[in-house]
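The values are calculated or read from the model by the stated rules, or taken from the named source; none is laboratory data. Since the model is a prediction, treat every value here as computed from it, not as a measurement. Methodologically, a virtual Cβ is constructed for each residue, glycine included, from the backbone with ideal geometry; neighbour enumeration extends over all protein chains shown. For the accessible areas, the whole protein counts, side chains as well, though only heavy atoms, and no ligand, DNA or RNA atoms are used. Shrake-Rupley method; radii C 1.70, N 1.55, O 1.52, S 1.80 Å.
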Amino acid sequence: MSDLNTVTAAEAPGGQPNVPHGPVKKDKPRSLAGDAWADLRKRKIFWIAVVLVAVVLVMAAWPTLFTSADPGACALANQYKGATGGALFGFDYQGCDIYAKVIYGARNSITVGVLATLLAGVIGLIFGLSAGYFGGLVDAILSRFIDIMLGVPFLLAGIVLSNRLSSDPKSNGIFAVTLTLGLLSWTTGARVMRSAVISAKNQDYVAAARMLGSPPARLIFRHILPNSIASFIVLLTLLLGINIASEATLSFLGVGLKNGAISWGIMIADGTQFARTEPWPLVWPAIFLGATVLAFIMLGDAVRDAFDPKLR
Amino acid sequence: MFRYIVRRLLQMVLTFFGATFLLYALVFANQKDPIQALVGERPVTESQRIALTQRYHLDEGFFMQYWYYMKGLLTGDFGTSLTGRKIVDMMADAWPVTLRLALIAIVIAATFSVTVGVYSALKRGGLFDNVSLVITLVLLAMPIVVIAPLFQLIFGIQLGWFPPTATRDATVWQLLLPAIVLACIVIAPEMRVTRTSVVENLRADYVRTARAKGLTRMRVIWVHVLRNSLIPVVTLIGVDLGGLMAGAIVTEHVFNIPGVGFNLARAIRTEDGPLVVGFVSILVILFLFINLLVDLLYAALDPRIRYE
Amino acid sequence: MDVLPGVDARAPLLEVNDLHVEFRTGYGVAKAVNGANFWLSPGETLAILGESGCGKSVTAQAIMGILDTPPGYVTQGQIRYRGVDLLKLPEDQRRKVRANKIAMIFQDALSALNPVYTVGFQLGELFRKHRGMSRADARKRAIDLLDQVKIPAAKVRVNDYPHQFSGGMRQRVMIAMALALDPEVLIADEPTTALDVTVQAQIMGLLADLQRQRNMGLILITHDMGVVADVADRISVMYAGKVVEEAPVYDIYARPAHPYTRALLESIPRLDMKGQQLSVIRGLPPALTDIPKGCAFNPRCAYARDACRQDPPPPAYQVSVQPHRTARCHFFREVLGE
Ligand SMILES: Nc1ncnc2c1ncn2[C@@H]1O[C@H](COP(=O)(O)OP(=O)(O)O)[C@@H](O)[C@H]1O
Ligand code: SF4
Ligand SMILES: [Mg+2]
């Protein structure tokens with residue numbers, strides 16, 4: 001009786017795998033990355049994001065391609081004057097060329113964003129890898145520390161830290177803001193790496209490699225990193241967008257860039273004060289900041305969706 | 001369950017002291033003239049110096065200073081702001097305003113994101129779904145420094161639908177536009193999670209069972225699908241609270257709302273150390289408790305979850 | 001429930017005729033059911049047998065009217081309950097047939113029961129929504145039902161959640177739920193596949209008892225020939241969405257008329273064959289997006305010849321003088337050894 005019941009006739013007891021034979025793609029099998037790329041190529045959102053990001057990067061690298069005006073050359077006589085010649089967006093309260101300022105604003109945004117994100121990436125990578133790899137006490141301490149960091153809302157901590165780091169009254173705040181954002185935004189990356197390492201560690205082939213005496217470093221670089229690096233990079237792309245937004249926010253609140261450093265956040269803050277009389281000095285930097293952040297988020301989002309079909 | 005709560009409370013205590021210590025250190029450690037920092041720009045007399053040194057235990061080590069400060073904090077003595085006002089009084093004015101703001105924002109966000117998320121999921125792939133996905137993406141990306149001033153400009157100043165700024169008493173009507181701005185921060189993730197989770201649950205086996213039981217489509221969706229789908233959304237609302245608090249700093253600044261964020265932003269700009277540490281400490285406590293509550297709520301909603 | 005318009009008490013209890021179901025997905029159209037035929041009488045057990053993926057569950061879902069649409073659509077055929085074609089009923093009447101007249105048990109009771117409601121709620125729901133009972137009355141009936149399916153301490157367990165039951169007990173809850181409104185037809189889709197062997201036997205025994213008490217028609221879906229031998233009256237063998245052979249259970253075991261059935265029987269391990277090589281059907285079932293021309297079984301069939309690759313065998317060759325024996329094969333006589 002039991003024999004009859006346990007072995008199921010139709011399910012091919014000879015060990016032939018009963019593969020699902022429903023709808024199958026006819027194309028030849030591809031790698032996950034290949035599939036993801038094929039999927040990405042078809043997405044409009046992805047291409048919009050790529051173009052936007054490219055424009056912003058070019059703007060940051062070579063602002064003179066877009067404007068020949070000096071964003072620092074302001075004349076009160078020009079206050080709120082409309083668009084003329086090169087000054088496409090007119091002039092603000094202090095008589096500065098809004099277009100030139102907005103273009104040059106990209107440079108600081110991107111600089112701070114990229115550097116802070118790299119810093120966060122490095123810290124997150126190191127902390128996450130070590131927590132996941134060593135486990136035990138290291139993991140416990142690190143996890144508690146991350147808990148503590150997450151106990152204070154990000155922006156609050158950012159305000160306090162940035163304010164503290166830029167105590168020199170003459171500094172332009174770029175270093176302080178970069179450091180602040182880098183030091184505060186690594187936690188998600190660390191968590192992602194940590195769980196990636198832990199799940200990789202439990203996989204048979206990694207356990208096997210370890211038993212065969214593969215040294216730890218080799219294990220990490222050969223087996224664990226390649227499997228989780230895609231999601232990590234996606235995370236960093238998203239983080240880049242968030243850090244750019246955070247820079248603007250800190251600057252907006254007066255604890256970010258300062259002393260004449262151009263920032264979309266400061267322009268928005270100034271524009272807000274006089275928005276009743278003249279909305280454009282507020283609107284333009286807001287559009288540029290919004291579009292830039294959107295571009296990076298869209299990029300990260302599209303790539304993540306391509307790699308994770310579940311979310312579709 | 002009891003053991004779980006005790007363990008969580010212990011962890012919270014650790015997190016609380018860790019976070020406030022870091023904060024305290026950031027604000028007060030290594031200041032060139034701590035006494036000057038305590039009074040701001042005003043000149044200090046010698047007798048004031050002595051009094052302040054005693055009050056803040058400046059002659060003792062930094063750890064002791066933190067310890068005394070915490071002792072005061074935990075017994076309700078938050079000290080005095082640089083403006084000379086008692087911090088407790090300032091909190092009594094500011095907290096109700098911010099809580100009201102946050103509550104309105106949460107209600108708006110939850111109503112909107114759940115309705116739209118569920119409808120998107122039911123009509124997935126359709127026009128409504130695609131449009132709302134694009135809108136959430138834009139909302140997700142827009143920093144609050146963009147949304148707050150632009151909404152104020154468009155809906156407050158240009159169209160005049162809402163009051164563009166609040167007055168001292170911050171009525172619900174005045175708080176509506178800022179609350180919508182705040183809601184925008186959390187709508188996108190909440191809506192996405194609702195949609196994904198409804199889509200997933202619609203495919204679940206138990207939904208097929210519910211249909212096999214001859215229940216109406218409405219009952220299948222509202223009783224069987226929704227109850228399961230909203231579990232992750234509820235947890236998200238807890239996580240979002242941190243974002244709301246941060247957003248409140250910018251929003252209250254823009255709309256001139258005399259709440260916690262407004263006070264904090266000003267305190268930081270005027271380097272009002274005691275005020276910053278006091279407000280943020282309370283925020284941290286609030287934040288921790290809400291997260292605990294959300295986890296307990298999660299267990300209450302999902303019978304499969306048993307905390308040990 | 002009020003009487004369904006057009007019900008004819010003398011018509012067969014359930015009759016499925018030339019049923020076609022397809023799934024329109026992004027990757028193409030999967031033809032999951034391609035002309036299924038069978039019927040069922042009161043008190044009878046019909047086993048539907050076939051490899052996994054051959055369309056058994058989809059057929060059951062089509063009968064219940066719970067296909068996922070989109071992507072699944074019934075494109076052709078009739079499903080008659082007492083002479084009424086269910087496919088032509090308006091949704092509201094169709095809905096009332098479910099659970100009242102035709103009920104279903106699913107394979108995996110853990111995922112088939114809603115994890116966030118007590119079993120009492122999920123059972124009582126049927127009485128409240130279909131019979132308009134109060135919560136308290138519905139609860140009493142739920143306890144009754146749990147008693148009937150022999151769940152110990154039903155009064156207490158009625159307040160438990162599905163995850164608090166063992167696999168076998170959960171399947172009993174499923175059965176209780178299906179029988180709540182005294183249906184005339186019960187479809188059990190692999191009711192014991194997920195269970196241990198000893199529990200399997202108990203559940204099958206329980207099902208058989210309940211069926212006898214209520215004179216219900218039972219459709220037992222399975223891919224396990226071992227299970228059906230003891231309980232089924234008749235067997236329908238499905239392959240690639242078609243019923244390829246249909247016969248009383250004894251006849252099928254004694255003299256299979258279709259090469260596929262024959263191959264299935266040969267792959268059952270028997271005690272007297274211990275140590276010998278099991279015969280296994282070579283090849284794989286076809287992709288449903290791409291079903292072979294002619295007879296769908298031809299690439300794997302030991303009897304296949306050119307005719308099989310050209311013309312599909314007609315729906316049912318009458319196999320013998322006995323009634324109700326059909327096979328969908330050009331060369332069934334050869335298989336029978338006639
Ligand atoms: N929801 C669905 N979406 C797409 N295809 C489906 C779906 N359900 C079933 N199918 C297709 O129908 C085929 C038959 O499935 P099923 O009836 O579940 O097989 P089984 O005989 O094992 O119960 C599957 O192989 C699959 O290709
Ligand atoms: S028709 Fe031909 S291929 Fe099909 S089962 Fe019969 S003999 Fe085999
Ligand atoms: Mg099945």
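Considering (1) away from chain A (no Cβ under 14 Å); (2) touching a Pro at 6+ places or on another chain (Cβ under 8 Å), say which one residue C:240 fails and leave the rest.
(1)
Taking the condition surrounded by 24 or more Cβ atoms within 10 Å (Cβ to Cβ) and either more than 14 Å from the chain's Cα centre (by Cα) or within 16 Å of ligand 3 (Cβ to nearest atom) (or both), does residue C:50 pass?
yes
Residues that are at pLDDT below 85 and open to solvent by 10 Å² or more (accessible area, probe 1.4 Å): list the helices (runs of 4 or more DSSP H) wholly contained in the stretch A:115-216 that include at least 2 such residues.
A:136-151, A:154-165, A:187-201, A:204-211
Kindly indicate the residue of the stretch C:38-58 that is closer than 11 Å to residue C:217 by Cα and among the hydroxyl-bearing types (Ser, Thr, Tyr) and also farthest from ligand 2 (Cβ to nearest atom) among those meeting that condition.
Restricting to residues being closer than 11 Å to residue C:217 by Cα and among the hydroxyl-bearing types (Ser, Thr, Tyr), the top hit is C:41.
Return the residue satisfying two criteria in turn: it lies in the stretch A:276-310 and is in a loop (DSSP other than H, G, I, E, B) and in contact with a Gly (Cβ under 9 Å, 6 or more places away or on another chain), and of such residues it is farthest from the other protein chains (Cβ to nearest Cβ).
A:278
Select from the stretch C:182-200 the residues that are of a type in the set (A, V, I, L, M, F, W, C) and assigned to a loop (DSSP other than H, G, I, E, B) and list them in ascending order.
Residues satisfying the conditions are C:194, C:195.
Would you mention how many residues in the stretch C:224-254 are in a loop (DSSP other than H, G, I, E, B) and more than 21 Å from residue C:329 (Cα to Cα)?
Of the residues in the stretch C:224-254, 3 are in a loop (DSSP other than H, G, I, E, B) and more than 21 Å from residue C:329 (Cα to Cα).
For the stretch C:121-133, enumerate the residues that are open to solvent by 10 Å² or more (accessible area, probe 1.4 Å) and either within 25 Å of the chain's Cα centre (by Cα) or modelled with pLDDT of 90 or more (or both). Break it down stepwise before answering.
Here is the first cut: in the stretch C:121-133, the ones open to solvent by 10 Å² or more (accessible area, probe 1.4 Å) are C:121, C:128-133.
Matches in the stretch C:121-133: C:121, C:128, C:130.
Looking only at the stretch C:177-204, which residues are open to solvent by 30 Å² or more (accessible area, probe 1.4 Å) and away from ligand 1 (no atom under 16 Å from the Cβ)?
Those that are open to solvent by 30 Å² or more (accessible area, probe 1.4 Å) and away from ligand 1 (no atom under 16 Å from the Cβ): C:182, C:184, C:196, C:197, C:198, C:199, C:201, C:202.
Taking the stretch C:140-181 as the region of interest, how many residues are in a loop (DSSP other than H, G, I, E, B) and not hydrophobic (A, V, I, L, M, F, W, C)?
The qualifying residues number 6.
Determine which single condition residue C:97 fails, assuming it passes every other condition in (1) open to solvent by 30 Å² or more (accessible area, probe 1.4 Å); (2) within 24 Å of the chain's Cα centre (by Cα); (3) of a type outside the set (D, E, K, R); (4) more than 18 Å from residue C:203 (Cβ to Cβ).
(1)
So, residue B:196, is that one farther than 23 Å from residue A:302 by Cβ and not hydrophobic (A, V, I, L, M, F, W, C) or not?
no
Within the set of pairs 6 or more residues apart or between chains, which connect a residue that is among the charged types (D, E, K, R) inside the stretch B:102-129 to a residue that is in a helix (DSSP H, G or I) with Cβ atoms less than 7 Å apart?
Short answer, once both residue conditions are applied: B:123/B:129; B:124/B:199; B:129/B:120.
List, please: which pairs have Cβ atoms under 9 Å, are six or more places apart or on different chains, and start with a residue in the stretch B:288-308 that is within 14 Å of chain C (Cβ to nearest Cβ) and end with one that is loosely packed, with under 15 Cβ neighbours inside 10 Å and assigned to a loop (DSSP other than H, G, I, E, B)?
Taking only residues 6 or more apart or on different chains, the pairs are B:298/B:305; B:299/B:1; B:299/B:305; B:299/B:306; B:299/B:307; B:306/B:1.
Taking helices (runs of 4 or more DSSP H) that fall entirely within the stretch B:216-302, which contain at least 1 residues that are closer than 26 Å to residue B:156 by Cα?
Per the criteria, B:226-255, B:260-269.
So for the stretch B:119-131 (the condition being of a type in the set (A, V, I, L, M), within 14 Å of the chain's Cα centre (by Cα) and assigned by TED's automatic domain parsing to the domain that holds residue B:266), does at least one residue qualify?
Taking every residue of the stretch B:119-131 in turn, none turns out to be of a type in the set (A, V, I, L, M), within 14 Å of the chain's Cα centre (by Cα) and assigned by TED's automatic domain parsing to the domain that holds residue B:266.
Looking at (1) within 16 Å of ligand 3 (Cβ to nearest atom); (2) touching a residue at least 40 places away in the same chain (Cβ under 8 Å); (3) within 25 Å of residue C:116 (Cα to Cα), which is the one condition that is false for residue C:148?
(1)
Report the residue count in the stretch B:241-300 for those that are among the polar types (S, T, N, Q), open to solvent by 40 Å² or more (accessible area, probe 1.4 Å) and closer than 20 Å to residue B:167 by Cβ.
Keep residues of the stretch B:241-300 that are among the polar types (S, T, N, Q), which gives B:251, B:256, B:263, B:270, B:281, B:291.
Imposing the further condition that a residue be open to solvent by 40 Å² or more (accessible area, probe 1.4 Å) reduces the set to B:256, B:270, B:291.
In the following step, the residues that additionally are closer than 20 Å to residue B:167 by Cβ were identified as B:256.
Result for the stretch B:241-300: 1.
Quick check on this structure: which one of C:78, C:61 is more than 21 Å from residue C:297 (Cβ to Cβ) and within 13 Å of ligand 3 (Cβ to nearest atom)?
The match here is C:61.
Kindly indicate whether any position in the stretch C:107-120 is within 13 Å of chain B (Cβ to nearest Cβ), on the phi < 0 side of the Ramachandran plot and surrounded by fewer than 16 Cβ atoms within 10 Å (Cβ to Cβ).
No, the stretch C:107-120 contains no residue that is within 13 Å of chain B (Cβ to nearest Cβ), on the phi < 0 side of the Ramachandran plot and surrounded by fewer than 16 Cβ atoms within 10 Å (Cβ to Cβ).
So is residue B:246 farther than 23 Å from residue A:276 by Cβ and facing chain A (nearest Cβ under 10 Å) or not?
Judged against the criteria, residue B:246 is a match.
When the residues of the stretch C:9-62 are narrowed to those that are at the interface with chain A (Cβ under 10 Å from one of its Cβ atoms) and more than 9 Å from ligand 1 (Cβ to nearest atom), which ends up nearest to residue C:77 (Cα to Cα)?
By that ranking, first place goes to C:29.
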